[in-house]
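These notes are about the structure you will find just below.
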Amino acid sequence: MAITNEQLKKAADTVRCLCADMIDTANSGHPGAPLGMADMAVSLWIKFLNYAPADPKWPGRDRLVFSGGHASSLVYALNHLAGTGNLSIDELKTFRQIDSRCAGHPERGVSPGVEVTTGPLGQGLAMAVGLALAAKKAKTGNKTWVFCGDGDMEEGISHEACSLAGTLKLDDLIAVYDYNDITIEGNATLSMADDPKKRFESYGWKVLTCDGHDYDAIDKTFRKALKTSGQPVLVIAKTHIGCGAPTKHDSPHCHGSPLGAEETAAMKKALGFDPEKSFHVDEDVYALFAEKATRMQRLARRWRRQNPAVTGEVKAPDYMKMMAALPKYEPGGKPQATRNVCGEVMNALAPVVPELFGGSADLAPSNKTELKGFGFLAPGDFTGRNIHYGIREIGMSAIANGITAFGGFRGFGATFFVFSDYCKPAIRLAALMELPTIWVFSHDSFYVGEDGPTHEPVEQLASLRVVPNLTVFRPADANETAYCWVEMLLKTNGPSCILTTRQNLPILEGVRHDGVAKGAYIIYQSGSQGVDTILFIASGSEVALCVEAAKALAADGRAVRVVSMPSQELFLAQKRAYRDDILPEFMKRRVIVEAASRFGWDRFRLDWKTTKFITMDDFGASGPYKQLAEKFGFTVENVLAAARDLG
C-alpha cells in the first residue's frame, strides 16, 4: 500500500499533539525536539524501520536509538501508536510520574521498545556505534538508526565514537542529525562553529542533507542512506525546534518547558485538530501504524524460522566449562602481577565464552586484554574478537555498552584504573540498564610508581563502589583473579569491574572460589577465635601484607584472623548470618588495609578506639613503588605495628 504525504503529515501532527499533551499534563518535559523531529520519526517508522511491535526483541530488527533522551515523549507516542508493549493512552497520561513506564528519559527495561537508556547527551550516539558494530559481528543484517541533536554533537564522546565508526566503515549505521541550531541558551552557533558535513566526511562518513519537514526529501534521503555501502551515513536534517507551535517555533523557550494550555490549543487548531480534545488519535492513524506492524510481524516470524539458533539473549556461560578451563596457580609459586594473570584467564576462558569480545583504549599490551588468536575487527572483516579502540576511553565504554545491549554478546573495555573516571558515565548507565558489560582496569593504586600521582588511582575505587548494581572486584592474587572472572561472567543483570596490579603479588594459601563468590572470606586465621582476636580486613595487594603481619602475631601467641574482601558489594549482599560469621561483632580489634581512599570502609568499623586504618587519603607520588610503599606505610612492619597498638 502506497503511503501518502498526507497520511504521514496527519500521523506526525498527531504525534505532536500527543507529545504536547503528555508534557502539559505532567507540567514537565521537553516539547521542542519531539515537535521538530516528528516528521522524520514518523517517516522512518512507517516507511523504513524494520521493527515488529508484537516481537520487540526480534534479533533481526533494526535498532532505533533516541540519543537525545529528553525527547522521550516522542518515543512513547510512537510506541503507543505502534502498539509496542500495549502502551496505552492512559499510560501516556502518567508521563514523568512515579512508577510510570513513560519515564522522564527513555529507560531500557522500563519503557517498551527502548533499546538503550539515554539522556546524558552523546551516550546514545556512542552506544549506537556499539549496536552497529555488534550487528556486523552477528551478521544479522539489520540497520542501526540513531536520532541525535546539536547537544550530542557538542559532547566530546561523539568525536570519539563517530571517528571509530568511520574507521571501521560501519555502513549499517545511519545517524539522523536533528539540526535545529537551538540549545537551552540560544543558538547553537554561540558555542559551536563546526561544519558538521566536513567534520563527518573527515571521519569517513557519507553525509547527506535534507529538509527535515519535507516528506519527499526525507524519503529520498533515507533511501540513499540505505543504499550507501562502505561508510556510515550522517543525515543532516534541517529542522525547526517546536515545529507547529505558533509562538515558540524556533525558540529556545520550548526546549525544556511545557507549551502550556494556550499554546497547545493554538497549535492543535493550526494543525487542524480539535483544541478541546486531549490525547486524541483518529482511527486512520492507528490503522496506518497497524498495517506496518502486521507486515513487520510476518517478516519477524519468517526471520525467526530461518534463524532458529539466534535468540539475542545474554546468558551466563557454562559454569563447569569455565572452571575446567581456568589456569591453576600453586600457592607459594612464582609471584605474578594480576594484570598478567588477568590476560591468561581471559585467554583461557575465551574459547568457552565465545560471546566475550572487546578491547582496550590503546593499552592492550599493558592491560594484557588481547584475546590471542582471535584477531582484531577491521573494515569489512568483523570476525575478530578484539577491537582497536584507540585512545578513546569515553567512547570505548559507551560502545561496549552498545555491544552488550545488542544481545548475545558480552562487551568489555579496558584501560588504566586512574582513567576509569573517563569511563564512569557509561558504567553508571550500564548499571542503570542492568547490562553485564565488563571493565578491566589495570595499574591499580600507587604501585604504578614512577608515573606519579596523575596515574595513581586513589579515590576511584570508592567512587565505583557507590554505584548501585555495579560489582567491583579487587583480587588479592592469581587464583582470586581467576575466580573473579568467573563471577563477572556469571552476572547477567549488571556490570562488573576488575582491578589488577602492575606489581607482582605472591600466590596465597587459603584462596577459595566460594569465598570470592560471597565477596569476603577467611583466608587465614590462627589461635582461639574470640574477643581478643586481631581481625585484619583487606582487599587486593594488601591481603598479603595482612597475612604476613598476622603470622608474626600468631608466632607471639596472639589469635588472629585475616579476611580477604575482593568485592564489598557481593559481601554486603550475603545473608546476615554469613556476614556475622566472617566479621563477628565481638571481634572489635580491627585493622583495615587498602591502598585507596578510606571512604566506605568505616561501615566495617565497630569502635573508634579499636580500629586502625591504613589507607590512602592523599594523592600518590612519583618514585619506585617499593619506596612508595615505605613512604605511605604499606609494609608488613607498619601493618604489624598498627595491630600491636590495639593491645
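Quick notes on this structure:
- Look at (1) 34.4, 114; (2) 27.6, 91; (3) 25.6, 79: the one that is Rg and Dmax of the Cα atoms in Å derived from this structure is (2).
- At most 12 other Cβ within 10 Å, DSSP loop - GluC sites (Glu not before Pro), the stretch 269-330: E276, E313
- Spacing of the modelled spin labels on S366 and I184, each 7 Å from Cα toward Cβ, amounts to 3.6 nm.
- With the simple model of a label 7 Å out from the Cα in the direction of the Cβ, D645 to Y286 spans 7.4 nm.
- Distance between the C-alpha centres of the stretch 144-160 and the stretch 311-366: 33 Å, rounded to the whole angstrom.
- From most to least packed by mean Cβ count within 10 Å, the peptides 444-452, 611-619, 144-152 give 144-152, 444-452, 611-619.
- Most to least packed among 130-138, 398-406 [average Cβ atoms within 10 Å]: 398-406, 130-138
- Only Cα pairs under 8 Å and 6+ residues apart enter the sum, and on that basis the relative contact order of the chain stands at 12 percent.
- Fully extended contour minus Cα-Cα distance, from E6 to A324, at 0.36 nm per residue: 108.2 nm
- Packing here is the average count of other Cβ atoms within 10 Å per residue, and on that basis the peptides 503-513, 555-565, highest first, run 555-565, 503-513.
- Exposure proxy ranking, count of Cβ atoms within 10 Å, fewest first, for L640, L490: L490, L640
- In terms of surrounding Cβ atoms within a 10 Å radius of their Cβ, C423, C546 rank from fewest to most as C423, C546.
- Three-way shape label, the stretch 519-644, alpha-carbon gyration tensor, a/c 1.5: oblate
- Rounded Å value of the spacing that divides the Cα centres of the stretch 265-287 and the stretch 609-647: 70 Å
- Whether the stretch 319-505 is rounded, prolate or oblate, judged on the alpha carbon gyration tensor where a/c under 1.5 counts as rounded: rounded
- Degrees separating the helix 420-433 axis from the principal Cα axis of the chain, which is the longest one: 70 degrees
- Estimated [θ] at 222 nm from DSSP helical runs (n ≥ 4, -39500 (n - 2.57)) normalised by residues in the chain, nearest 500: -12000 deg cm²/dmol
- Dipole moment magnitude, nearest 20 debye, the chain about Cα centre, only Lys, Arg, Asp, Glu C-beta charged: 1900 debye
- Reducing the stretch 441-468 and the stretch 44-99 to their Cα centroids gives an inter-centroid distance of 40 Å.
- A simple spin-label model places the labels of A554 and R305 6.8 nm from each other, with each point 7 Å out along Cα-to-Cβ.
- Over the stretch 5-306, relative contact order from alpha-carbon pairs under 8 Å, at least 6 apart, %: 25 percent
- Relative to the longest principal axis of the Cα atoms of the chain, the long axis of helix 32-47 lies at roughly 80 degrees.
- Rounded tilt (10° steps) of 156-167 against the dominant C-alpha axis of the chain: 80 degrees
- The relative contact order of the stretch 562-647, computed from alpha carbon pairs under 8 Å that lie at least 6 residues apart in sequence, is 26 percent.
- Fewest neighbouring Cβ atoms within 10 Å first, the residues R61, R598 line up as R598, R61.
- Rounded to the nearest 0.05, the FRET efficiency derived from the C-beta distance between S251 and T167 at R0 = 60 Å is 0.95.
- Multiplying the residue separation of Q297 and D618 by 0.36 nm and removing their Cα-Cα distance gives an extension gain of 109.6 nm.
- Taking the DSSP bridge list for the chain and keeping only pairs wholly inside it, about 15 percent are antiparallel.
Readers should treat all values here as calculations from the given coordinates under stated rules, not as data from a laboratory. These figures come from a predicted structure and were not determined experimentally. Backbone-built Cβ (ideal geometry, glycine too); neighbour counts: all protein chains shown.
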